[in-house]
Amino acid sequence: MPNRTPYTQPETYFFLIILILVGVLSFLVFMPFMTTLILSATFAVLIYPIHKKILEAFRGNSVLASFVTLFGLVALIIIPLFLIAAQVFNETTSAYYHVASNDSNVSLTIDALQNSFNSKVEAFFPGVTLDLRNYVTVASTWLLKNIGSFFAGTISIGIRLFLGLFALYYFIKDGHSFIKLFQEHSPIPREHTDVLIKKLRTSVRSIIGGSIVVALCQGIVSGIGFTIFGVPNPALWGTITALSALIPGVGTSIVLIPVVAYVFVAGTLWQGIGMGIWALIAVGLLDNFISPKIIGGGLKIHPLIILFSIIGGLTFFGPEGFILGPLTISLFIALLDIYKLIIKKEEKALEEQS
C-alpha cells in the first residue's frame, strides 16, 4: 500500500476554504427549514421515553413503533393544541373588539373585577390600584400579534407541519444513528461531545418538559374550570394562566385569584366556591406534585430565566420562540458546562506539569 503524501500548507488552506464555502452553502440550503428541524428534534427528545416503551411493546419493530408514537402525538397533543390556539385567536379577537368598542357588558365585567381586586389590594397597599382595562387591551393586542402571525399563512403552516412530522418520524426512528453521526463528525473531543448531548437532552426535558409542559397543562385545566363555572373567553384566560404559571413567586395566582373574585361577583356563591376549589386542587396539584416528577433530578433553572427566555424567544423567533427561546438557553448552559470541564482539564494539566 503506497504511503499517503501529506498535504502541503497551501493545499491545507485551499481544502479549508472549500470546506467552509460548502459548509456555508449547506447551511443556507437547510436554513429555511432550520426551525422545523429543531422543533422536531426537540419533540423527539421529549417523547423518546414514551417511544421506548412502545418499541418494547412492538418487540423492537422500529417502523411500526415510530408510526404509532407519531400518530399518538398528533392525535393527543398537536391537533388539540391547534384547536385551542384557533379558539384563543377567536376569543382574543372578540375580547379586543369588545374592549376597544367599550361594550357595556364587558365594561361591567371588567369594572366589577377591577373594583373587587382593588378593594383587596388597597387594604394592604393604600393608593395602589389596578387598571384592568389597560392590561386587557395590552394583553389582547400582544396575543393577537403573536397568535395571528401563526395563522397568517395556512398553506405555509400545512407544509411546515408536514415536513416537521416527516422529520420527527425519522428522528424518533433513527435518533441513535443521528447522534452517532454527530459524535463521529463533531470537531470537539468525543468526551465533550457526549457531555454536550447528555446535558442538552437533560435540559430540554427539564425546562421544556418540566416547566413549559406543566404550565400548558395548568392553562388547559384552568380553561376547563373557567368553562364549567361560566367565565367568559375561557380559552383566552386559560392561555394567560399558562403564561402566568411561568412567573416566579406568584404563578397562576395572579390570574386565578381575580377570576375567582369575578365568579363570586358575577355568578352565584356556589360557583365562586367551586371555582376556588377547582383552582386550589386541579391547578395546585399539577404545580406541587406532577411538576417535580417530570423534572425529577434533571437540570433546575430559575423560573425567571425561563420566563424571559420565552418572552425573548417570542420576540426574536415569533410563535416558535415559545420553545426555541428556552432551547437556546438550554444549549448555552450545556456549553458552559463543557467550558468548565475544559478549564478544569487545563488546570489539572498545569498542576501535573508544575
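The values are calculated or read from the model by the stated rules, or taken from the named source; none is laboratory data. This one's a predicted model, so the numbers in the text were calculated from it and none came from an experiment. Note that we place each Cβ from the backbone using ideal geometry, even for glycine, and neighbour counts take in every protein chain shown.
Tabulated values for the structure
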read-out: Qualifying residue in the range 57-64 (condition: touching a residue at least 24 places away in the same chain (Cβ under 8 Å), part of a helix (DSSP H, G or I) and farther than 20 Å from SER177 by Cβ); value: no
read-out: ILE172 vs. criteria under 20 Å from the mean Cα position of the chain (by Cα) and either at pLDDT 80 or above or surrounded by 13 or more Cβ atoms within 10 Å (Cβ to Cβ) (or both); value: yes
read-out: The one condition in (1) over 24 Å from the mean Cα position of the chain (by Cα); (2) small (Gly, Ala, Ser); (3) within 23 Å of ARG160 (Cα to Cα) that SER66 fails to fulfil; value: (1)
